[in-house]
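The block underneath contains the structure these notes are about, expressed in structure tokens.
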Amino acid sequence: MSCTLGEVKNRADLIIYWGGNPAECHPRHFTKYTIMQKGKYVPNGRKGRTMVLVDIRETPSAKAADLFLQVRPAKDFETLTILRALIKGRRVDAAAVAETGLTLEQLEDLAHRMKTCRFGVLFFGMGLSMTRGKHMNSAAALTLAAELNAFTKFVTMPMRGHGNVTGADVVMRYTTAYPFGVSLSRGYPRFNPGEFSTIDLLVRGDVDATLVLGADPGATMPQPAIDHLARTPTIVLDPKVTHSSRLARVHITTAATGITAPGTVYRMDEVPLPLRPPLSGPYPSDEDVLKRIVAAVKRKPAWEPAGV
Amino acid sequence: MLTLTLKESPHVPLEAEVISPDVVANLTPGEVRALPVLLGKRRCRLDDWFDVDGDAGDEIEVRGDASKVKWIGRGMTRGRVTVVGNAGTHLGAYMTGGSVEVTGSAGDWVGGEMGGGTIRVRGDAGGQLGAAYRGSPSGMSGGTILVGGSAGIELGMRMKRGLIAVGGKVRDFAGLQMKGGTIVLTGGAEIRTGAWMARGTIVSLVPLRLLPTFAAAGPYHPTFLRLYARHLRPLGFALPCEPHEGAYRRYTGDAAVPGKGEVLVWQPA
């Protein structure tokens, strides 16, 4: 369950950031969309909103928060699961709660705030989705927000990392029905993260060639994945020299989208934003290069034996 | 018996759901050799990758390191598949009958959404054993999976019925969102066992670290476990259930769902 940032600005009276540091990583988030603005149904602006930060350490974002809850590292899934029990009025043993680094009173207070707000929003960051438990931590946040809709309006939104991650998800979704981890090897889309997601494919060595588009796996992925990229033919389309392009067999320099090439980016709330390039440059756009590769592949003779 | 010997390990996964008694049983040797397998997106013949010997029937033996061969025994309803070596992902997925045996280790999704039959892995198994596929409401709905070694994450995720027994240690989220059935862990588990379970039973012979949403409900001598003990003993799993040996501590949960699942942890006397 999600919404646009405009709705957050105009309606949200409870804003929770979980496992993220927007003050440093999304610096305009507070001021443009979430806590500082006056909204149509939040006429008092900052005074009309409550901001809660849940994180493993006190980051600069804690200064902006009304309530800061410090959980122990890798205890997010437990904390979210306790909250799911508390909002349903289930009793949870206070001694068992201690392992999360928070007290039962703190969590009961948070559960009460979540249930009694008019419009709540839970933003979760990489501190949740990239620690032990991974997709299940995100699933816990999404399920909690979905269940809160039995009491009030509650939405959730991931705080995305660098690059146009949301755009990749949206386009994959409207072309294949799945956001990521899709295999088209049988001619129709199959979705199975863990089997078809990039890191897993590379770590297991299940691919024999890689095309990298708008990403730098050489800088972000685990070492076994990078080793496999270096071992097999890798093609990188990027405006600049990156860690991935250094280990690639082929690097095609492309125009920088938004600077010398037009395009569309998706904001974190999936609102598409068109880009008009202010400059012109000598390099082709990613789209041009891919179209020419597809046309060249079509000209190649079919590899399938006739009659199969 | 049909014997398939892998000529060389494929460098990318080979999808071979045709390795199933239901597919090969009534085929001539020539037809078996021509069965399609997929190497990446390339369609190959079965005999491009395997030496095919013997007559097709209800018994198939696969030899060699088939750890990149996916979907062996997919949807089988009868017969017997033996893998002498390792097996790849989705071994015995959707099967409803017959038996699969692996002498080595197997990949992820062993017995994914199976409905019946028996899978036995002597070595280690990967994650999502007997689990529901992504987006699917329920995992295995019957049958038995036995693993001699360890198993990976999300063991028995959303399983509805059936029995999973693991000799070694399993990783996080065993019995995740379980709806029924029984999981026996003789080697213990890492964290978050039974997370979000609604019903079903997890038996552990080693102390577990459970989620705070599980509540202790005292010592317990369940009668039904004697039945499981008798069933599992000849299969190589010893379940203690005599009162003089100790007792099971019963934990109920997961309160977050809220669920009526139970986790039984053995405590020797």
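Restricting attention to region A:62-105, the residues being within 23 Å of A:Met136 (Cα to Cα) and assigned to a helix (DSSP H, G or I) number 18. Residues being surrounded by 18 or more Cβ atoms within 10 Å (Cβ to Cβ), in contact (Cβ under 8 Å) with a residue 60 or more places away in the chain and out of contact with any helix residue (DSSP H, G or I) (no Cβ under 6 Å at 6 or more places or on another chain) are represented in region B:21-40 by at least one member. The C-beta contact set for region A:198-219 (first residue away from every other protein chain (no Cβ under 14 Å), second residue among the basic types (Lys, Arg) and exposed (fewer than 15 other Cβ atoms within 10 Å of the Cβ), distance under 9 angstrom, 6+ apart or interchain) comprises A:Gly218/A:Arg246. Set side by side, the residues A:Ile235, A:Ile252, A:Ile259 differ, and just one is more than 14 Å from chain B (Cβ to nearest Cβ) and part of a loop (DSSP other than H, G, I, E, B), which is A:Ile259. Scanning region B:133-142 finds no residues that are buried (at least 22 other Cβ atoms within 10 Å of the Cβ), assigned to a strand (DSSP E or B) and touching a strand residue (DSSP E or B) at 6+ places or on another chain (Cβ under 7 Å). Checked against the criterion of being within 27 Å of B:Leu155 (Cβ to Cβ), in contact with a helix residue (DSSP H, G or I) (Cβ under 8 Å, 6 or more places away or on another chain) and modelled with pLDDT of 95 or more, the candidates B:Ala87, B:Ala93, B:Ala16 yield just one match: B:Ala16. For B:Val100, state whether it is more than 14 Å from chain A (Cβ to nearest Cβ) and aliphatic (A, V, I, L, M). Yes, satisfied.
Yes/no per residue for (1) within 12 Å of another protein chain (Cβ to nearest Cβ); (2) aliphatic (A, V, I, L, M); (3) under 23 Å from the mean Cα position of the chain (by Cα); (4) more than 21 Å from A:Val8 (Cβ to Cβ):
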position	(1), (2), (3), (4)
A:Met126	no, yes, yes, no
A:Glu147	yes, no, yes, no
A:Pro158	no, no, yes, no
A:Gly163	no, no, yes, yes
A:Arg190	yes, no, yes, yes
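For region A:1-32, the tally of residues that are crowded, with 22+ Cβ neighbours inside 10 Å and assigned to a loop (DSSP other than H, G, I, E, B) stands at 3. Being within 14 Å of chain A (Cβ to nearest Cβ), part of a loop (DSSP other than H, G, I, E, B) and in contact with a strand residue (DSSP E or B) (Cβ under 8 Å, 6 or more places away or on another chain) is true for just one of B:Gly112, B:Gly126. Which residue is that? Just one listed residue meets the conditions, B:Gly126.
Would you confirm, using the coordinates I've provided, whether B:Arg233 is out of contact with any Pro (no Cβ under 9 Å at 6 or more places or on another chain), over 20 Å from A:Ile82 (Cβ atoms) and touching a residue at least 60 places away in the same chain (Cβ under 8 Å)? The answer is no for B:Arg233. Just one of the listed residues (B:Arg78, B:Arg122) is surrounded by fewer than 19 Cβ atoms within 10 Å (Cβ to Cβ), in contact (Cβ under 8 Å) with a residue 24 or more places away in the chain and touching a helix residue (DSSP H, G or I) at 6+ places or on another chain (Cβ under 9 Å), namely B:Arg78.
Across region B:180-189, the number of residues qualifying as buried (at least 22 other Cβ atoms within 10 Å of the Cβ) and not in a strand (DSSP E or B) comes to 1.
Contact map, region A:78-94: residues that are more than 7 Å from chain B (Cβ to nearest Cβ) paired with residues that are β-branched (Val, Ile, Thr), Cβ distance under 6 Å, separation 6+ or inter-chain. Pairs shown: A:Thr79/A:Val71; A:Thr79/A:Thr100. When the residues of region B:190-224 are filtered to those that are away from chain A (no Cβ under 14 Å) and under 20 Å from the mean Cα position of the chain (by Cα), the one that is surrounded by the most Cβ atoms within 10 Å (Cβ to Cβ) is B:Ile202. In region B:242-262, of all residues being outside any loop (DSSP other than H, G, I, E, B) and away from every other protein chain (no Cβ under 14 Å), the one that is nearest to the chain's Cα centre (by Cα) corresponds to B:Glu262. Screening A:Asn137 with (1) surrounded by fewer than 16 Cβ atoms within 10 Å (Cβ to Cβ); (2) touching a Leu at 6+ places or on another chain (Cβ under 6 Å) gives one miss only, at (1). A single member of A:Gly194, A:Gly214 is within 25 Å of the chain's Cα centre (by Cα), surrounded by 18 or more Cβ atoms within 10 Å (Cβ to Cβ) and assigned by TED's automatic domain parsing to the domain that holds A:Asp286, and it is A:Gly194.
Here's the yes/no breakdown for (1) away from chain A (no Cβ under 14 Å); (2) in contact (Cβ under 8 Å) with a residue 60 or more places away in the chain; (3) out of contact with any His (no Cβ under 7 Å at 6 or more places or on another chain):
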position: B:Cys44; (1), (2), (3): no, no, yes
position: B:Asp48; (1), (2), (3): no, no, yes
position: B:Val52; (1), (2), (3): yes, no, yes
position: B:Ala56; (1), (2), (3): yes, no, yes
position: B:Val62; (1), (2), (3): yes, no, yes
position: B:Trp71; (1), (2), (3): no, no, no
position: B:Asn86; (1), (2), (3): no, no, yes
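When A:Val294, A:Val236, A:Val241 are checked against the criterion of being exposed (fewer than 13 other Cβ atoms within 10 Å of the Cβ), of a type in the set (Val, Ile, Thr) and within 24 Å of B:Val12 (Cα to Cα), A:Val294 stands alone in meeting it. Where residues in region B:1-17 are more than 14 Å from chain A (Cβ to nearest Cβ) and assigned to a loop (DSSP other than H, G, I, E, B), which of them is nearest to B:Lys68 (Cα to Cα)? Among them, the one singled out is B:Glu8.
The residue list A:Met130, A:Met136 contains one member that is more than 25 Å from A:Met36 (Cα to Cα) and within 9 Å of chain B (Cβ to nearest Cβ), which is A:Met136.
The values are calculated or read from the model by the stated rules, or taken from the named source; none is laboratory data. Keep in mind it's a predicted model, so treat the numbers as computed, not measured. Glycine also receives a Cβ, built like all others from the backbone with ideal geometry; neighbour counts cover every protein chain displayed.
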